[in-house]
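Working notes, beginning with the structure itself.
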């Protein structure tokens, strides 16, 4: 019953949007021959028919019998088409609102100049939707289709090194100049270009990090997703160690399991994978790193996020760390920082991921914006309040839409500095 209601809503919204855009297309092709108009109309409506068929087959009929990658590309095709149509519809709607205002003004003007004019009397030379607005709307939609397609072809694996000096007031002298690299949100089950993924890891290793942090979501749902990429990510090692934590996707909460035992075993398998890669998975605990008598505290908690499952126990992780002059925390979800860390602990810097910058946005110079900023106050980059800092990594992989527009995949290279 619920699936039928969802399908009905889906069809109603999609076809309503299709009809509205078609009013613009129909206006543009009016001067064309009848055969050409018929051809364009058939071609136009073929795309919604294909989209609806793909959604019904891929999500309501076959479902998980299709591979994750297949369902992702079906969803992406529909997403690209209809998000682009939404942009086009917004332009058309703006034009129609302006048109209504002009018509109202024309009627009022006519009423004052010809007092005998009634509401039912037609106005001479009626105003129609301008050809410019219609063409602009279709151009905006087409441009967005091109951008999202390019985001898959190029943006998905366009790894960027971001260099960030991290100034810490209590940093011990032996750790001044330490090179720390952060990865986050690998989502290995989403990858479709193994060579590109390997290239990103090569970029990381070329930095010769002293220490590496991984801040969660190594898979989408199942530990087995890591199998094809295990040997690639196993190469990530550093003299002072690789430290990792779990993200919300690592618990298998977003897929149906045959039993609770199967779900529990999946998490155990994932934790074992971290161990086999020689990554130190921090499960509400801390490690003390010593170099020539100086110490640095590395803390890591399980996922804790507002609006998501809250497995992490920060009190447990921070226990017996008072003697450590500097504490660095791995916590997947950036909302945890403001909720439990900021002004409530003496943790110097936190490292998170989770948002991916929504894989969609704008970053030009110092300006950055993404729709995800409406949900998260801290969503990408470095934040500082009252001598405590948070860095939100934009993610290495992708989820859902297999691409990135504007917000590119990130490998963060920190240089720890004594403030």
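Things to note:
- Listed by position, the strands (runs of 3 or more DSSP E) inside segment 310-419 whose residues that are surrounded by fewer than 22 Cβ atoms within 10 Å (Cβ to Cβ) number at least 1 are 362-364, 367-369, 381-385, 388-392, 410-418.
- Any hit, segment 154-176, residues being at positive phi, outside any helix (DSSP H, G or I) and in the same structural domain as residue 386 (by TED's automatic domain parsing): no
- Residue identified as exposed (fewer than 13 other Cβ atoms within 10 Å of the Cβ) and either outside the structural domain of residue 142 (by TED's automatic domain parsing) or out of contact with any helix residue (DSSP H, G or I) (no Cβ under 7 Å at 6 or more places or on another chain) (or both) among 26, 102: 102
- If only residues of segment 249-262 that are part of a helix (DSSP H, G or I) and within 25 Å of the chain's Cα centre (by Cα) are counted, the one that is surrounded by the fewest Cβ atoms within 10 Å (Cβ to Cβ) is 251.
- Here segment 48-73 is the region considered, the condition is being under 21 Å from residue 88 (Cβ atoms) and surrounded by 14 or more Cβ atoms within 10 Å (Cβ to Cβ), and the residue that is modelled with the lowest pLDDT is 55.
- Check on residue 306, modelled with pLDDT under 95 and either assigned by TED's automatic domain parsing to the domain that holds residue 190 or assigned to a strand (DSSP E or B) (or both): yes
The values are calculated or read from the model by the stated rules, or taken from the named source; none is laboratory data. Nothing here was measured: the structure is a model prediction, and the numbers come from that model. A quick note on method: Cβ atoms are made from the backbone with ideal geometry, for glycine too, and the neighbour counts reach across all protein chains shown.
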